[in-house]
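Reviewing the structure listed below.
The values are calculated or read from the model by the stated rules, or taken from the named source; none is laboratory data. If you're wondering where the values come from, they're calculated on a predicted model, not measured in any experiment. Please note: Cβ atoms are built from the backbone with ideal geometry, for glycine as well, and neighbour counts cover all protein chains shown. Note: accessible area is taken over every heavy atom of the protein model, side chains too, but ligands, DNA and RNA are not part of it. Shrake-Rupley method; radii C 1.70, N 1.55, O 1.52, S 1.80 Å.
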Amino acid sequence: MITNLLRGAAAFCLALTPLVLPAPVAAAAVVPVPEVLPLEDAVGKLLVAEEDRTGYTRDSFRHWNTGLDAGDGCNTRNEVLLAEAVQEPAVAAGCKLTGGKWISYYDNVEVVEAGKLDIDHMVPLAEAWDSGANTWTSTRREAYANDQGAAASLVAVTARTNRSKADQDPATWMPPLPDAHCRYIGEWTATKLRWGLTVDQTEVEALKVYAEACETTVVHYNPAP
């Protein structure tokens, strides 16, 4: 699917906009280099710091916005649903989705109604605030809340699992499906590294324990622009 290709491609590269300069030679653009690391090494790159939720409100992160394609009539939520569908839904006026099929990887549940899915922020908004987003501009927080530049950032899952997770980190919540744990820890770590978010001591200790058990898990991430 086109939307899925856009999200996947954006996870590893940024589009280069030609620079028009008065000088005869244009300056070279600096592109963040994608990182590919074993999970244990990726966890080791995380900065440990105390968390602070002072001043947090969910409204600090504007979502859902017009998404990757402002002209498709779909907001970020629906673009993610279209990207992650294993059976494509029909799209009516106003981006109303009917039909389709999704697999919630947190619990391996098949879902055939878009309204029964939540779009989970891999690192919840409150956790992101605690971990450094409280210092960001509102524009950057909006970019974070609608991030389709990495497929791991937003994930369609059953409403039940998303609401069970709430704003918890892996020290206190993991997907109910054990087979999902290594993927989840890899994507959590990738998201924190992508956005330069910190981890607290309890969180990093949990990540280290899971990393030992997930020896073959590889973390892919690209620093957010």
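Site pair D52 and D179 shows an inter-label distance of 4.4 nm when each label is modelled 7 Å from Cα along Cα→Cβ. Taking amide hydrogens as placed 1.01 Å from N in the peptide plane, the amide H of R62 sits under 5 Å from those of E142, each at least 5 positions away in sequence or on another chain. Maximal additional length on extending the T202-N108 stretch stands at 31.1 nm, based on 0.36 nm per residue less the C-alpha distance. Solvent-accessible surface of protein heavy atoms, probed at 1.4 angstrom with all chains present, puts W188, W136 in the order W136, W188, largest first. If you add up the charges near L193, with Lys and Arg at +1 and Asp and Glu at -1, over every other residue whose beta carbon is less than 14 angstrom from its beta carbon, what do you get? That sum, taken over residues with Cβ under 14 Å, equals -3. For the chain, the share of accessible area belonging to carbon and sulfur comes to 56 percent (1.4 Å probe, ligands and nucleic acids excluded).
Across the chain, the relative contact order, built from alpha-carbon pairs under 8 Å that are at least six residues apart, equals 31 percent.
Rg and Dmax, both from the Cα atoms of region 87-147 and both in Å, are 15.5, 41. Highest mean first, the peptides 210-221, 152-163 sorted by other C-beta atoms within 10 Å per residue fall in the order 152-163, 210-221. In straight-distance terms, cross-link reach from K208 covers every one of the lysines whose alpha-carbon lies under 28 Å from its own, apart from those fewer than eight places away in the same chain; here that gives K45, K165, K192. Dividing the summed helix terms, -39500 (n - 2.57) for each DSSP H run of n ≥ 4, by the number of residues in the chain produces a 222 nm estimate of -9000 deg cm²/dmol to the nearest 500. Subtracting the Cα-Cα distance of S138 and A213 from their residue separation scaled by 0.36 nm leaves 23.2 nm. Here the dipole of region 95-225 is about 440 debye; that uses its Cα centre as origin and unit charges on the Cβ of Lys and Arg (positive) and Asp and Glu (negative). Calculated on the alpha-carbon coordinates, the convex hull of region 40-174 measures out at 125 cubic angstrom per residue.
Model label sites at K45 and D59, defined 7 Å from Cα along the beta-carbon direction, differ in position by 3.7 nm.
Could you check which residue among A143, A90, A128 shows the biggest mean-square fluctuation in a GNM of the chain with a 10 Å Cα cutoff? Result for the chain, Cα springs under 10 Å: A90 fluctuates most.
Can you tell me how much longer the chain between A93 and E35 gets when fully stretched, taken as 0.36 nm per residue apart minus their C-alpha distance, in nm with one decimal?
On the way: separation 58, 0.36 × 58 = 20.88 nm, distance 3.96 nm.
Gain on stretching A93 to E35: 16.9 nm.
If you wrap region 114-225 in the convex hull of its Cα atoms and look at it from every side, the mean projected area works out to 7.1 nm². Look at where the Cα atoms of region 50-65 and of region 101-176 average out, and the two centres are 14 Å apart. Per residue, the accessible area of region 150-197 comes to 36 Å², computed with a 1.4 Å probe over protein heavy atoms only.
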